[in-house]
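So the structure is just underneath, and the comments pick up after that.
The values are calculated or read from the model by the stated rules, or taken from the named source; none is laboratory data. Small disclaimer: the values here were computed from a predicted structure and weren't measured. Cβ placement follows ideal geometry from the backbone for every residue including glycine, while neighbour counts extend to all protein chains displayed. The protein model used for the area step is the full one, side chains on, heavy atoms only, and it has no ligands, DNA or RNA in it. Shrake-Rupley method; radii C 1.70, N 1.55, O 1.52, S 1.80 Å.
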Amino acid sequence: MQAEQVSAAQQGRWGVGGGVWEALEHMDIYYVQLSYEFPEYEPLWGIRPTVLGMVSDDAEYYVAAGWLKEFSINDNWDWGFGNVVGYFSDNDMLGHHLEFYSRILVNYQLSPESFVRAEFGHLSNASIADRNPGTENLALTYHWRW
């Protein structure tokens, strides 16, 4: 008897990569990123609950949880968007410890088990503090299905 095939939507995914904060300014703060995206949750329009961590070359870090939604373009390409909310270690840099990260992304399938993602995002405290400089980022990550 063969094991039942699990669809890509039913699989969790690990991601690892890196990027740059201040993507529209100095592009001088680099970071590494690690994420886990849970299987799609159909009762909520197929969103993926997500946890995410970023650590910069200056030892600032961001840990967050949220959601991600993707749409298929064709067999090789997907696009999507998402949002997470979390803790940013440097209160002075972005104005508050509570920060929101919104992003838009595109995925390219390398194989049935893996893909690469390019994303553009904005990290901000949504004006819950007096100061809200925010920062844009660019990232490239490699993901594999689990």
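Taking segment 22-46 on its own, how many of its residues are under 17 Å from residue 117 (Cα atoms) and among the β-branched types (Val, Ile, Thr)?
Residues flagged as under 17 Å from residue 117 (Cα atoms) and among the β-branched types (Val, Ile, Thr) within segment 22-46 amount to 1.
Hey, could you check segment 76-89 for residues that are part of a strand (DSSP E or B) and not aromatic (Phe, Trp, Tyr) and say which is most open to solvent (accessible area, probe 1.4 Å)?
Among those residues, the one meeting the criterion is 85.
Within segment 109-141, can you find the residues that are over 14 Å from the mean Cα position of the chain (by Cα), open to solvent by 30 Å² or more (accessible area, probe 1.4 Å) and within 22 Å of residue 28 (Cβ to Cβ)?
131, 132, 133
Could you check, for segment 20-28, whether at least one of its residues is of a type outside the set (D, E, K, R), open to solvent by less than 50 Å² (accessible area, probe 1.4 Å) and at pLDDT 95 or above? Walk me through it before giving the result.
Residues of segment 20-28 that are of a type outside the set (D, E, K, R), as a first pass: 20-21, 23-24, 26-27.
This time we only want the ones that are open to solvent by less than 50 Å² (accessible area, probe 1.4 Å), so: 20-21, 23.
Subset that is at pLDDT 95 or above: 20.
Yes, the conditions are met somewhere in segment 20-28.
Give me the residue from segment 109-146 that is touching a residue at least 24 places away in the same chain (Cβ under 8 Å) and small (Gly, Ala, Ser) and, out of that set, farthest from residue 61 (Cα to Cα).
In this case the residue turns out to be 114.
Could you tell me which numbered condition residue 146 fails, if it satisfies all but one of (1) open to solvent by less than 70 Å² (accessible area, probe 1.4 Å); (2) out of contact with any helix residue (DSSP H, G or I) (no Cβ under 7 Å at 6 or more places or on another chain); (3) more than 18 Å from residue 75 (Cα to Cα)?
Failing condition for residue 146: (1).
Looking only at segment 90-108, filter to residues that are open to solvent by less than 30 Å² (accessible area, probe 1.4 Å) and either in a strand (DSSP E or B) or at pLDDT 95 or above (or both); which one of those is nearest to residue 59 (Cα to Cα)?
Residues of segment 90-108 that are open to solvent by less than 30 Å² (accessible area, probe 1.4 Å), as a first pass: 94-95, 99, 101, 103, 105, 107.
Narrowing further to those that are either in a strand (DSSP E or B) or at pLDDT 95 or above (or both): 99, 101, 103, 105, 107.
On the way: 99: 17, 101: 18, 103: 22, 105: 25, 107: 28 Å.
Here the residue is 99.
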